[in-house]
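Reading through the structure tokens given below for one structure.
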Amino acid sequence: SPVGMVPLTAVFHARAGGEDNRMASYVAQTTTAPGKVPGQENGWKVTAKLSSSGSMGHVFPVGKEIFFAYEFEANGGNTVALRLYPDLATLVAGGEWRREVRLDRKIALPAPPDTVTTDKRQVVNIGTPTITKVVEEDWGTAVHFRFHYYPEGDNQKDLPGVGHVIFPPSGEGSTVVYDYDIWYGRFENKVNNALRVSQVMGKIGQRARLSRDDTTGGRPGKFLLLEGQMADAGEGSVGWLSWRPVLYELGCDNPVGAIAPPMLPGNLRTLANPHVTEIGSGYLLLSFFVPSEPFNPDHTSQYAGFDPERCPTCAANPMEVAVLPARPGTLMIIVEADCVLGDDGTFEFKFKKQIRNCAWISKQKKKFFKKKVCALKKCKGAAVGDCCREACGLCGS
């Protein structure tokens, strides 16, 4: 990459090149300046097709190796596929993977009276996988992930799930294992309940982890950034219009999801399929899918008058047609990690013979004194303000 530029690798899906009118998964690369969204001058270069029957891809590095998780599309129902590449270069080139498993579509579901058993039941679809961690256990490699599923029966909707796969020893020559059943998945009741309390009435789909490395103690809690449909309207125009990003804090007692943001430029408020990528230099890249429905006045005019039982929030949040600079497609946003997640609770420095931290700076009332402390060169050779941006009032500067 050019000096000072950050290389980015992304997976995406498109109808073009798909088998039997299904989605196809591709990999692409570009470069961008630190803290900047890739512009038209950078250009994404598609390097390979990864699947002719797959969508909703997710890449997760483990040392040199790369896991590629995606939603495998099939006539009998979609399922999650996990694939292991020896390295990033092989994935980018569309080379041979070591092994792929396509999961058996059975998970532990709620049973009357609202209990979850260990008995597995068949579901129609499993998809939108997000790998959260990979751990080497005595019995094998445990790949932990989140997903959505669609139950059997009438009047169902996509629901959140969580589970783990015991990934088999590495094969070779692009080996595929079908109907793989050495995995456990279940209904994610805490996430579901939090979003229902927030009046998310429809589907609960893709999600992304919004957190910094938490291998040491004292750091802020981890978050999930999810997509939720405010209207129980399925694939209809109001259903598409009602996708909103929802922030959920893991580990909270009686949590409630926070709907955000209220509005972006160009009357845009419909955001789906969230992804979060750490791109170095203290920045996070957030990406969303923006559907075409918000740009059609025939659709947006229906929103406020939609059935209040299926969308209690629609009437109070009428939608105007979206206009430039907003447009359908992929929306990318760069944010400073510390300004979203809060200052790093593990950072400490010595001041007047005592150990201080970012929280101590936040408590200081005198602006001049706080400015003086934030200017001290005690953050890995840089100013304290570089490690305590929120406490020093530098977010957005």
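The values are calculated or read from the model by the stated rules, or taken from the named source; none is laboratory data. Everything numeric here is computed off the predicted structure, so don't read it as measured data. All Cβ positions, even for glycine, are placed from backbone atoms using ideal geometry, and neighbour counts span all protein chains on display. Note: areas computed on protein heavy atoms with side chains; ligands, DNA, RNA excluded. Shrake-Rupley method; radii C 1.70, N 1.55, O 1.52, S 1.80 Å.
Return a yes/no flag: does the stretch 373-385 have any residue that is under 30 Å from the mean Cα position of the chain (by Cα), on the phi < 0 side of the Ramachandran plot and modelled with pLDDT of 95 or more.
So far as the stretch 373-385 goes, no, none of its residues is under 30 Å from the mean Cα position of the chain (by Cα), on the phi < 0 side of the Ramachandran plot and modelled with pLDDT of 95 or more.
Restricting attention to the stretch 61-79, which residues are free of Cβ contacts under 8 Å to residues at least 40 places away in the same chain, within 22 Å of GLY95 (Cβ to Cβ) and either open to solvent by less than 50 Å² (accessible area, probe 1.4 Å) or touching a Cys at 6+ places or on another chain (Cβ under 9 Å) (or both)?
Of everything in the stretch 61-79, those that are free of Cβ contacts under 8 Å to residues at least 40 places away in the same chain, within 22 Å of GLY95 (Cβ to Cβ) and either open to solvent by less than 50 Å² (accessible area, probe 1.4 Å) or touching a Cys at 6+ places or on another chain (Cβ under 9 Å) (or both) turn out to be ILE66, PHE72.
If I filter the stretch 54-65 for residues that are farther than 30 Å from TYR150 by Cβ and touching a Pro at 6+ places or on another chain (Cβ under 8 Å), do I get at least one hit? Let's see the steps before the verdict.
Residues of the stretch 54-65 that are farther than 30 Å from TYR150 by Cβ, as a first pass: 63-65.
Still in the list and also touching a Pro at 6+ places or on another chain (Cβ under 8 Å): 64-65.
Within the stretch 54-65, one or more residues are farther than 30 Å from TYR150 by Cβ and touching a Pro at 6+ places or on another chain (Cβ under 8 Å).
Can you tell me which of LYS106, LYS120 is of a type in the set (Lys, Arg) and either open to solvent by less than 50 Å² (accessible area, probe 1.4 Å) or modelled with pLDDT under 95 (or both)?
Working: LYS106 fails: either open to solvent by less than 50 Å² (accessible area, probe 1.4 Å) or modelled with pLDDT under 95 (or both).
From the options LYS106, LYS120, the qualifying one is LYS120.
Search the stretch 351-397 for residues being of a type in the set (Gly, Ala, Ser), outside any loop (DSSP other than H, G, I, E, B) and closer than 16 Å to SER281 by Cα, and hand back the single one that is most open to solvent (accessible area, probe 1.4 Å). Please lay out each step first, then the result.
Of the residues in the stretch 351-397, the ones of a type in the set (Gly, Ala, Ser) are 359, 362, 375, 381-383, 385, 391, 393, 396-397.
Those still in the list that are outside any loop (DSSP other than H, G, I, E, B) too: 359, 362, 382, 385.
Adding the requirement that they be closer than 16 Å to SER281 by Cα leaves 382, 385.
Numbers: ALA382: 28, GLY385: 2 Å².
Per the criteria, the residue is ALA382.
Working only within the stretch 229-279, note down all residues that are of a type in the set (D, E, K, R) and more than 18 Å from GLU293 (Cβ to Cβ).
Narrowing the stretch 229-279 to residues of a type in the set (D, E, K, R): 232, 235, 244, 249, 253, 269, 278.
Those that are of a type in the set (D, E, K, R) and more than 18 Å from GLU293 (Cβ to Cβ): GLU249, ASP253, GLU278.
Could you look through the stretch 80-94, keep only residues that are closer than 17 Å to ILE126 by Cβ and in contact with a Gly (Cβ under 8 Å, 6 or more places away or on another chain), and pick out the one that is surrounded by the most Cβ atoms within 10 Å (Cβ to Cβ)? Quick ask: steps written out before the conclusion?
In the first step, residues of the stretch 80-94 are kept if they are closer than 17 Å to ILE126 by Cβ; the result is 80-83.
Narrowing the set further to residues that are in contact with a Gly (Cβ under 8 Å, 6 or more places away or on another chain) leaves 80-81.
Details: VAL80: 29, ALA81: 27.
The residue in question is VAL80.
How do the strands (runs of 3 or more DSSP E) wholly within the stretch 139-190 filter down when requiring 1 or more residues that are touching a Ser or Thr at 6+ places or on another chain (Cβ under 7 Å): which remain?
Working: elements: 140-151, 159-167, 175-180, 183-187.
Once the strands (runs of 3 or more DSSP E) in the stretch 139-190 are filtered for at least 1 residues that are touching a Ser or Thr at 6+ places or on another chain (Cβ under 7 Å), what remains is 140-151, 159-167.
Given the residues VAL191, VAL197, which is the only one that is closer than 18 Å to LEU225 by Cα and surrounded by fewer than 15 Cβ atoms within 10 Å (Cβ to Cβ)? Step through it out loud before you land on a result.
Details: VAL191 fails: surrounded by fewer than 15 Cβ atoms within 10 Å (Cβ to Cβ).
Only one candidate qualifies: VAL197.
May I ask you to list the residues in the stretch 16-44 that are modelled with pLDDT under 95 and of a type in the set (Lys, Arg)?
The answer is LYS36, and nothing else.
Return yes when THR270 is within 20 Å of LEU224 (Cα to Cα), touching an Asp or Glu at 6+ places or on another chain (Cβ under 8 Å), of a type in the set (S, T, N, Q) and surrounded by 15 or more Cβ atoms within 10 Å (Cβ to Cβ) and no when it is not.
Yes, satisfied.
Suppose we keep only residues that are among the acidic types (Asp, Glu) and in a strand (DSSP E or B) within the stretch 123-138. Which one would you say is modelled with the lowest pLDDT? Talk me through it step by step, then tell me what you get.
The first filter runs over the stretch 123-138 and keeps only residues among the acidic types (Asp, Glu), leaving 136-138.
Narrowing further to those that are in a strand (DSSP E or B): 136-137.
On the way: GLU136: 90, GLU137: 87.
The extreme case among them is GLU137.
Can you run down the residue pairs with Cβ atoms below 7 Å, 6 or more apart or on separate chains, where the first is in the stretch 134-149 and at negative phi and the partner is among the hydroxyl-bearing types (Ser, Thr, Tyr) and surrounded by 20 or more Cβ atoms within 10 Å (Cβ to Cβ)?
Cβ pairs passing all conditions: PHE145/THR130; ARG146/THR130; PHE147/THR128; HIS148/THR128.
Quick one: TRP97 ticks every box in (1) surrounded by fewer than 15 Cβ atoms within 10 Å (Cβ to Cβ); (2) part of a loop (DSSP other than H, G, I, E, B) bar one, so which box is it?
(1)
Considering each residue of the stretch 295-350, count those that are modelled with pLDDT under 95, assigned to a helix (DSSP H, G or I) and open to solvent by 60 Å² or more (accessible area, probe 1.4 Å), and give that number.
Looking only at that region, the number is 1.
Applying the selection to the stretch 1-21, what residues are farther than 14 Å from GLY94 by Cα, in contact (Cβ under 8 Å) with a residue 12 or more places away in the chain, open to solvent by 30 Å² or more (accessible area, probe 1.4 Å) and not small (Gly, Ala, Ser)?
Those that are farther than 14 Å from GLY94 by Cα, in contact (Cβ under 8 Å) with a residue 12 or more places away in the chain, open to solvent by 30 Å² or more (accessible area, probe 1.4 Å) and not small (Gly, Ala, Ser): PRO2, MET5, PRO7, HIS13, GLU19, ASP20.
Can you find a residue that is in contact with a Leu (Cβ under 7 Å, 6 or more places away or on another chain) and either part of a loop (DSSP other than H, G, I, E, B) or in contact (Cβ under 8 Å) with a residue 12 or more places away in the chain (or both) anywhere in the stretch 38-50? Working first, answer last.
Filtering the stretch 38-50 for residues in contact with a Leu (Cβ under 7 Å, 6 or more places away or on another chain) gives 38.
Among the residues that remain, those that are also either part of a loop (DSSP other than H, G, I, E, B) or in contact (Cβ under 8 Å) with a residue 12 or more places away in the chain (or both) are: 38.
Scanning the stretch 38-50, I find at least one residue that is in contact with a Leu (Cβ under 7 Å, 6 or more places away or on another chain) and either part of a loop (DSSP other than H, G, I, E, B) or in contact (Cβ under 8 Å) with a residue 12 or more places away in the chain (or both), so the answer is yes.
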